[in-house]
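Everything below concerns the one structure shown next.
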Amino acid sequence: MAAAAGAIHMPRIRKGSNGTLVVEPHDPKEHTATVIMMHGLGDTSEGWIDVAAGVFAQQLPHVKFILPTASTLPVTINGACERNLDVVSRAVNR
């Protein structure tokens, strides 16, 4: 039986040992795209799972969403936090 138009489905979420979260497409046979969502400085994949699973996956049921969590590393200007890139200055070059 087909789902009603506009029906909300609960996507399957997998968690890897390294903190990566994966929101699976509603129907794996219809999987046509994958989006890797990078979090911001000091955040983790957990900070974006509600948006990925509750908003994006509802609108794009054919898409797999991968949400990695960066390692905790020192940030030059403010100490340690989860990051993918370093921030060495707040200066803006114009």
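Could you run through the range 39-56 and say how many residues are surrounded by fewer than 14 Cβ atoms within 10 Å (Cβ to Cβ) and either in contact (Cβ under 8 Å) with a residue 24 or more places away in the chain or in contact with a Phe, Trp or Tyr (Cβ under 7 Å, 6 or more places away or on another chain) (or both)?
Number of matching residues: 1.
Would it be correct to say that Ala80 is modelled with pLDDT of 95 or more and small (Gly, Ala, Ser)?
no
Output the residues belonging to the range 30-57 that are part of a helix (DSSP H, G or I), over 25 Å from Pro74 (Cα atoms) and not small (Gly, Ala, Ser).
Hits for the range 30-57 are Glu30, Asp50, Val51, Val55, Phe56.
The values are calculated or read from the model by the stated rules, or taken from the named source; none is laboratory data. Remember, it's a predicted structure, so these values are computed and weren't measured experimentally. Because the Cβ atoms are built from the backbone with ideal geometry, glycine has one as well, and the counts that use them run over all protein chains shown.
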